[in-house]
């Protein structure tokens, strides 16, 4: 039905969105086991985002790093 490229790009975001929606809906209309499911369904996307947020490393820009005292012109300021 969907191309491999579409599933590769949108598969996980759609799955996390459906999981979140089911958790929100279950929290509104259900008790006991529904509460447990809503905690799980809403916790998993948060855990995934936290995992990838903390795991993220800075991306190299390819330029030469400037020192903290350097101006945009390349000359250093000395106070």
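The values are calculated or read from the model by the stated rules, or taken from the named source; none is laboratory data. On a predicted model such as this, the values are computed, not experimentally measured, just so you know. No Cβ is skipped: glycine too gets one built from the backbone with ideal geometry, and neighbour counts run over all protein chains shown.
Here are some residues: 27, 50, 41. Which one is loosely packed, with under 13 Cβ neighbours inside 10 Å, modelled with pLDDT of 90 or more and in a helix (DSSP H, G or I)?
Just one listed residue meets the conditions, 50.
Would you confirm, using the coordinates I've provided, whether residue 36 is in contact with a helix residue (DSSP H, G or I) (Cβ under 8 Å, 6 or more places away or on another chain), at pLDDT 90 or above, surrounded by 11 or more Cβ atoms within 10 Å (Cβ to Cβ) and assigned to a helix (DSSP H, G or I)?
no
Just to be sure before I move on: is residue 6 over 18 Å from the mean Cα position of the chain (by Cα) and at pLDDT 95 or above in the structure I sent?
no
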